[in-house]
Amino acid sequence: MQVFLPILYILIALGLLYYGAEWLVRGGYGVALKLKISRLVIGLTLVAFATSAPELTVSLDSALEGLDGLSLGNVIGSNICNIALILGLSSLVCPIAVNAGLLRMDMPLMIFSAVLLAVSCYYCGGVTRWGGLVFLALMAGFLWWQFRQARNDGQQDAADEVPEVKDRPVWQWLLLALAGLAALVGGGKLFVNGAVAVARLLHVSETVIGLTVVAVGTSLPELATSLVAAIKGEADIAIGNVVGSNIFNILCILGITATIKPLAATGITAIDLSTMLTVSILLPPMMLTGRKITRAEGAVLLVIYVVYTALLVKNALPSG
């Protein structure tokens, strides 16, 4: 009976995540067309920031409680999960076409952010308050660039506007997107709580819970959103959500968290940092082959994630 309630939480959370993703994708699509903003920009900004809300909550709460390793590990693990698990699964469901605009600035910035975080952890032992301010400055520059390009890029999307979008005012689409955000955040938190409770009942160590369950749990909004977007043929939202979320996770979430309280890279290993860098650097070549992420490439990403998780669990479990 002890395990029944946590499993019920997980099942309810999965429902919230599915409908939250559905509403967020539809609402984001409607807002983009009504305001003549491209779906790629919506995926990289509004949807990416919305689905990164659980990471912000977990990282900030963890840092304030003195759990710096969990705070950093949540972001690093989530970024690995976003590329290797989420894009891997999404491209297996439906190969994801790549917008050429994504390769101009967004992918280089995602890789640069990952390198910057790895260098900061290696040479500074974590993210200092000054490092957090640098991250936030880069985030501000990224947002300025995105909205500077938004109007021009959105003209082509506006031509595809459907009657359903025309018949509803923009505030209704925004309200739908916000309802989706609320469901995603609530579902993500409920899933983590349920999964942690099950793990504790099974006597799994706190380290394994933090580095696997929490990282995957806070990435569930991205997973749900990208899968639904891929199924609906909204490739720009599917891939823009992942790339944008990885940028937000490092520059915005760690930027805010480290500015409030500097973070020490407690428990963060070379395996974690090198895996984050590897999947980030692998992504552009995959995107350039036929301008899509194929099912075979998605399978490669999934294999990397499985191997990384296996190493993580093996190293975290007590020896003997």
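On the basis of being farther than 17 Å from Leu301 by Cα, in contact (Cβ under 8 Å) with a residue 12 or more places away in the chain and touching a strand residue (DSSP E or B) at 6+ places or on another chain (Cβ under 8 Å), does Gly101 make the cut?
It is false that Gly101 is farther than 17 Å from Leu301 by Cα, in contact (Cβ under 8 Å) with a residue 12 or more places away in the chain and touching a strand residue (DSSP E or B) at 6+ places or on another chain (Cβ under 8 Å).
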- Item | The listed residue being under 21 Å from Phe112 (Cα atoms) and crowded, with 23+ Cβ neighbours inside 10 Å, out of Gly217, Gly240 | Gly240
- Note on the structure: Conditions (1) surrounded by fewer than 21 Cβ atoms within 10 Å (Cβ to Cβ); (2) more than 19 Å from Ile268 (Cβ to Cβ) -> Ile96 fails only (1)
- Residues of segment 256-271 being surrounded by fewer than 24 Cβ atoms within 10 Å (Cβ to Cβ), in a helix (DSSP H, G or I) and not hydrophobic (A, V, I, L, M, F, W, C), in sequence order, are Thr259
- Among the residues of segment 143-181, the number that are under 26 Å from Tyr18 (Cα atoms), modelled with pLDDT of 75 or more and part of a helix (DSSP H, G or I) is 12
- Message: For segment 5-21, which positions are closer than 15 Å to Ser226 by Cα and surrounded by fewer than 19 Cβ atoms within 10 Å (Cβ to Cβ)?
- Response: Leu14, Tyr18, Tyr19
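Confirm whether Thr225 is more than 30 Å from Thr128 (Cα to Cα), crowded, with 24+ Cβ neighbours inside 10 Å and touching a Ser or Thr at 6+ places or on another chain (Cβ under 7 Å).
Values: more than 30 Å from Thr128 (Cα to Cα): yes; crowded, with 24+ Cβ neighbours inside 10 Å: yes; touching a Ser or Thr at 6+ places or on another chain (Cβ under 7 Å): yes.
Considered against the rule, which asks whether it is more than 30 Å from Thr128 (Cα to Cα), crowded, with 24+ Cβ neighbours inside 10 Å and touching a Ser or Thr at 6+ places or on another chain (Cβ under 7 Å), Thr225 comes out as yes.
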- Message: So the check is Cβ under 6 Å with 6+ separation or different chains; which pairs have a first residue in segment 58-78 that's of a type in the set (Ser, Thr, Tyr) and surrounded by 23 or more Cβ atoms within 10 Å (Cβ to Cβ) and a second one that's modelled with pLDDT of 80 or more and not in a helix (DSSP H, G or I)?
- Response: Ser71/Leu263
- Given the structure, is Leu184 under 25 Å from the mean Cα position of the chain (by Cα), at pLDDT 70 or above and farther than 22 Å from Pro6 by Cβ? no
- Which of the residues belonging to segment 296-313 are surrounded by 15 or more Cβ atoms within 10 Å (Cβ to Cβ) and closer than 18 Å to Ala238 by Cα? Glu297, Gly298, Leu301, Leu302
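The values are calculated or read from the model by the stated rules, or taken from the named source; none is laboratory data. Quantities reported herein were computed from a predicted structural model and do not represent experimental measurements. Here the Cβ is made from the backbone with ideal geometry for all residues, glycine too, and neighbour counts use every protein chain on show.
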